[in-house]
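The values are calculated or read from the model by the stated rules, or taken from the named source; none is laboratory data. Note that the structure is a prediction, hence the values are computed from the model and not measured. Counting neighbours? That spans all protein chains shown, and the Cβs are built from the backbone with ideal geometry, glycine included.
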């Protein structure tokens, strides 16, 4: 009897694609009481519609899927997959009660959220966003285009395949995802993320200290002899060799200015480029760990930056 | 005022408002939202540059659990309208983006609270087994989130351009210059938020390595990405926590859960 039902209550690929499409609207009605609950039910509806036909069955199915649910919006996909399998079995007459289904959902959502946040919000989006922003700032349209396409391809592929994985694997998936595999992914993504952050901090934080520390007159023999060149040009005897000589002098490191100005920024760059952005970032991390809100820090930096500009320290 | 421009701008704003809650297609991210507003308002290059800059600032703005982050949607849409439609400068747009992000955050918290009532209405319809009603309420809540950005966009659009120009001209030069300087620095807060989420004592090593290598200008981001991926793979191969019982014969089920899943699949 149960075996026979199993074929009758089978979700087709089309049903599962339908659930996948709707799962993208998981957070549409995110609320402070049960968070993603309606979105979850909304995603399940194509399956529930197929599996249950009577009004009572449908009402109780909806009730069980309107319970509290909240996880990373993409990591809900494997949970959906597992729940689809459970609902198939329940509809076919297996003894699975509401509490069991709710237990699977709650059991999976916590660990999975902890995995999705660092991978998607913490690594892929900042890295992709920073890369795209650098293209955009150089005036290239590829910036937004690459960001949009790459992100959505990765996201949709993840949603579909992890939902299918959940569907095929059923209950086993919790162990696999929350266990070794996801931990590896999280760690690997964090290594990549921290490395890229180290690269970005000095490259893309704009801090310049134009404060002049010293002005030194350059000795005549350490400076490119522009006087001779202009004289020759005026007399009309300027030759290619003379120009080559000038370029060679510049390449040899002779100064092209009569006065050498050293700013605070030059001195810092000699130490190691990007020192000031590094210190600023570490300071922000420290503040965040002291539970200072990001908005407060941003406001503080606005005040600091403006003051620095007014007194001439920053520019 | 061109009616097509206005319709397009409001449409993009609505899209960004919906994405601000969905967090799927990323229409609310500055690099997408500002560029689209720029295109709609007929000033695409300004939109692109503003989007690139704001994107760096918003890198670390993420909703985790039930916590609501500063709102990238309102920040991008409203400042992009001011810059590409009303002709404000990019550094002014950046300075205005921050208070706008906070305003957007307040608005989304308001809608998310309002949606509790929708959840209760849904419960009542669910007892009748009505799928249609559940779908209706769900999409209705999404529309509210879209309006959350579309309505402020309409308000900003309808301010007379002369008023905006006058207001911006009234800002003294020291403040505009100072805000531009500060704009370059606040990127650090976004980086700090991302770092703060990932950092463990071991991982700071990789941050230090990235910092040192960043001085080599010839290594562009693609090269850096390759180095990063190689480091991550090496780390997974050699870190002791992923190699328990390496020498001791192992158990019968095999060590790598990825292999197990792929075999079953």
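Values as computed for the structure displayed
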read-out	value
Candidates B:15, B:36, filtered to the one that is surrounded by fewer than 24 Cβ atoms within 10 Å (Cβ to Cβ), in contact (Cβ under 8 Å) with a residue 12 or more places away in the chain, within 14 Å of another protein chain (Cβ to nearest Cβ) and over 16 Å from residue B:158 (Cβ atoms)	B:15
Residue that is farthest from the chain's Cα centre (by Cα), among those in segment B:96-131 that are within 7 Å of chain A (Cβ to nearest Cβ) and in contact (Cβ under 8 Å) with a residue 40 or more places away in the chain	B:112
Of the criteria (1) surrounded by 13 or more Cβ atoms within 10 Å (Cβ to Cβ); (2) without any contact (Cβ under 8 Å) to a residue 60 or more places away in the chain, which one residue A:240 fails	(1)
Test: residue in segment B:256-265 that is at pLDDT below 55, facing another protein chain (nearest Cβ under 8 Å), more than 20 Å from residue A:123 (Cβ to Cβ) and in a loop (DSSP other than H, G, I, E, B)	yes
Residue in segment B:69-87 that is at negative phi, outside any helix (DSSP H, G or I), within 14 Å of another protein chain (Cβ to nearest Cβ) and at pLDDT 90 or above present	yes
Filter pass, residue B:140 being farther than 25 Å from residue A:303 by Cβ, more than 20 Å from the chain's Cα centre (by Cα) and facing chain A (nearest Cβ under 7 Å)	no
Complete set of residues in segment A:79-118 that are touching a strand residue (DSSP E or B) at 6+ places or on another chain (Cβ under 7 Å) and without any contact (Cβ under 8 Å) to a residue 24 or more places away in the chain	none
Breaking point among (1) at pLDDT 80 or above; (2) farther than 22 Å from residue A:277 by Cβ; (3) more than 10 Å from chain A (Cβ to nearest Cβ), for residue B:218	(2)
Matching entry among A:278, A:288 (being at the interface with chain B (Cβ under 7 Å from one of its Cβ atoms), within 23 Å of the chain's Cα centre (by Cα) and farther than 22 Å from residue B:68 by Cα)	A:278
Every residue from segment B:143-174 that is more than 27 Å from the chain's Cα centre (by Cα), surrounded by 11 or more Cβ atoms within 10 Å (Cβ to Cβ) and part of a helix (DSSP H, G or I)	B:161, B:165, B:167, B:174
Boolean, residue A:107 is assigned by the TED database to the domain that holds residue A:196, over 16 Å from the mean Cα position of the chain (by Cα), surrounded by fewer than 21 Cβ atoms within 10 Å (Cβ to Cβ) and more than 27 Å from residue A:198 (Cβ to Cβ)	yes
Failed criterion for residue A:84 (all others in (1) farther than 30 Å from residue A:56 by Cβ; (2) more than 8 Å from chain B (Cβ to nearest Cβ); (3) surrounded by 21 or more Cβ atoms within 10 Å (Cβ to Cβ) hold)	(1)
Subset of segment B:205-214 [within 24 Å of residue A:114 (Cβ to Cβ) and more than 7 Å from every other protein chain (Cβ to nearest Cβ)]	B:205
Index of the failed condition, residue A:57 passing every other in (1) under 18 Å from residue B:133 (Cβ atoms); (2) more than 14 Å from chain B (Cβ to nearest Cβ)	(2)
In segment A:35-52, the residues that are facing chain B (nearest Cβ under 7 Å) and touching a strand residue (DSSP E or B) at 6+ places or on another chain (Cβ under 7 Å)	A:35, A:37
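Residues are listed down the side, and each one gets a yes or a no for (1) exposed (fewer than 15 other Cβ atoms within 10 Å of the Cβ); (2) away from every other protein chain (no Cβ under 14 Å):
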site	(1), (2)
A:196	no, no
A:199	no, no
A:217	yes, yes
A:224	no, yes
A:227	yes, yes
A:232	yes, yes
